[in-house]
Amino acid sequence: DVKVTQSSRYLVKRTGEKVFLECVQDMDHENMFWYRQDPGLGLRLIYFSYDVKMKEKGDIPEGYSVSREKKERFSLILESASTNQTSMYLCASSLWGGRDEQFFGPGTRLTVL
Amino acid sequence: EDQVTQSPEALRLQEGESSSLNCSYTVSGLRGLFWYRQDPGKGPEFLFTLYSAGEEKEKERLKATLTKKESFLHITAPKPEDSATYLCAVQVLTLPTQGGSEKLVFGKGTKLTVNP
């Protein structure tokens, strides 16, 4: 089975801190994605990557950056955390950008105080 | 703009009471439609992919269908363990500025509660 793991289930940070969210997949998937999920807004795509060292902006990239130095690992970075970035963050991976489903990690509940 | 609308937002059923969830979409070019199940505090779990109008897929008490404008997730004789939020997503082409690849656009989900 595909396994997508995220470094933390719960995280509490202070405004202005730099925050790293880590995601690792173990199935040699080419594509990786970061979403945030908020009540009433659903899942929204932040950034995605179709290859090592490649990244593309999703629909809400402002305030975030990403890093993909190795195929299996995709990191989401909040350069200076703000309270409006309090959310559930979900990482996903898929084999191709085409017809393959995305497999999701368990999520990281981030609270910024 | 690509949009996915799910209805109803919430649905309460009695055990054994069959019903359907709706996912309607307006997209520039549908490449696939995905259904996911999400339990509280967990990531979405893949259920089905549909690619063309008229296609149907089944899994236990769930059956997904697709037309040119919408998809339905039919739940037959549900059980309390079917309680979850069901998410619909369409796969579309990204903008050229986003690499011209593909992404999923999600609806807001339908929260299903099945009472014993």
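The values are calculated or read from the model by the stated rules, or taken from the named source; none is laboratory data. None of the values given here were measured: they were computed from a predicted structure. For neighbour counting, all protein chains shown are included, and Cβ atoms are generated from backbone atoms with ideal geometry for every residue, glycine included. Only protein heavy atoms, including side chains, enter the accessible area calculation; ligands, DNA and RNA are left aside. Shrake-Rupley method; radii C 1.70, N 1.55, O 1.52, S 1.80 Å.
Condition (residue is touching a residue at least 60 places away in the same chain (Cβ under 8 Å), at the interface with chain B (Cβ under 8 Å from one of its Cβ atoms) and surrounded by fewer than 17 Cβ atoms within 10 Å (Cβ to Cβ)) applied to the stretch A:30-42: is it met by at least one residue? The answer is no, given that none of the residues of the stretch A:30-42 is touching a residue at least 60 places away in the same chain (Cβ under 8 Å), at the interface with chain B (Cβ under 8 Å from one of its Cβ atoms) and surrounded by fewer than 17 Cβ atoms within 10 Å (Cβ to Cβ). Among the conditions (1) in contact with a Gly (Cβ under 9 Å, 6 or more places away or on another chain); (2) over 18 Å from residue A:92 (Cα atoms); (3) assigned to a strand (DSSP E or B), residue B:103 misses just one, which is (2). Residues of the stretch A:1-29 being out of contact with any Asp or Glu (no Cβ under 8 Å at 6 or more places or on another chain), open to solvent by 50 Å² or more (accessible area, probe 1.4 Å) and assigned to a loop (DSSP other than H, G, I, E, B), which ones? A:1, A:9, A:14, A:15, A:17, A:27, listed by residue number.
Mind listing whichever residues of the stretch B:1-49 are over 29 Å from residue A:109 (Cβ atoms), aliphatic (A, V, I, L, M) and surrounded by fewer than 18 Cβ atoms within 10 Å (Cβ to Cβ)? Hit for the stretch B:1-49 is B:27, nothing else.
Residue A:80 fulfils the conditions (1) hydroxyl-bearing (Ser, Thr, Tyr); (2) assigned to a strand (DSSP E or B); (3) open to solvent by 10 Å² or more (accessible area, probe 1.4 Å) except for a single criterion, (2).
Considering only the stretch B:106-115, state which residues are in a strand (DSSP E or B) and either modelled with pLDDT under 90 or closer than 14 Å to residue A:37 by Cα (or both).
At the first step, the residues of the stretch B:106-115 found to be in a strand (DSSP E or B) are B:106, B:110-115.
Matches in the stretch B:106-115: B:106 only.
Residue A:67 meets all of the listed conditions (1) surrounded by 20 or more Cβ atoms within 10 Å (Cβ to Cβ); (2) without any contact (Cβ under 8 Å) to a residue 24 or more places away in the chain but one, namely (1).
Give the residue, chosen from B:101, B:24, B:71, B:83, that is among the polar types (S, T, N, Q), modelled with pLDDT under 90 and closer than 21 Å to residue A:43 by Cα. Break it down stepwise before answering.
On the way: B:24 fails: modelled with pLDDT under 90; B:71 fails: modelled with pLDDT under 90; B:83 fails: modelled with pLDDT under 90.
Result of the check over B:101, B:24, B:71, B:83: B:101.
Please verify whether residue B:48 is more than 27 Å from residue A:25 (Cα to Cα), of a type in the set (Phe, Trp, Tyr) and under 11 Å from the mean Cα position of the chain (by Cα), treating the condition exactly as stated. No: the conditions fail for residue B:48.
Of all residues being out of contact with any helix residue (DSSP H, G or I) (no Cβ under 7 Å at 6 or more places or on another chain), open to solvent by 20 Å² or more (accessible area, probe 1.4 Å) and not charged (D, E, K, R) in the stretch A:43-63, which is nearest to the other protein chains (Cβ to nearest Cβ)? Just the residue, please. Give the derivation first.
Our first condition is that a residue be out of contact with any helix residue (DSSP H, G or I) (no Cβ under 7 Å at 6 or more places or on another chain); within the stretch A:43-63, this holds for A:43-55, A:58-62.
Then keep just the ones that are open to solvent by 20 Å² or more (accessible area, probe 1.4 Å); that gives A:44, A:47, A:50-55, A:59-60, A:62.
Add one more test, that the residue is not charged (D, E, K, R), and what stays is A:47, A:50, A:52, A:54, A:60.
Working: A:47: 10, A:50: 6, A:52: 14, A:54: 8, A:60: 12 Å.
Among those residues, the one meeting the criterion is A:50.
Taking first residues from the stretch A:91-109 that are more than 7 Å from every other protein chain (Cβ to nearest Cβ) and assigned to a loop (DSSP other than H, G, I, E, B) and partners that are open to solvent by 20 Å² or more (accessible area, probe 1.4 Å) and at pLDDT below 95, the Cβ contacts under 8 Å between residues at least 6 apart in sequence or on separate chains come to A:95/A:27; A:95/A:30; A:96/A:30.
For the residues B:77, B:84, B:89, the requirement of being more than 12 Å from chain A (Cβ to nearest Cβ), in contact with a strand residue (DSSP E or B) (Cβ under 6 Å, 6 or more places away or on another chain) and among the aliphatic types (A, V, I, L, M) singles out B:84.
Of all the listed residues (A:27, A:88), the sole one being within 14 Å of another protein chain (Cβ to nearest Cβ) and more than 20 Å from residue B:87 (Cβ to Cβ) is A:27.
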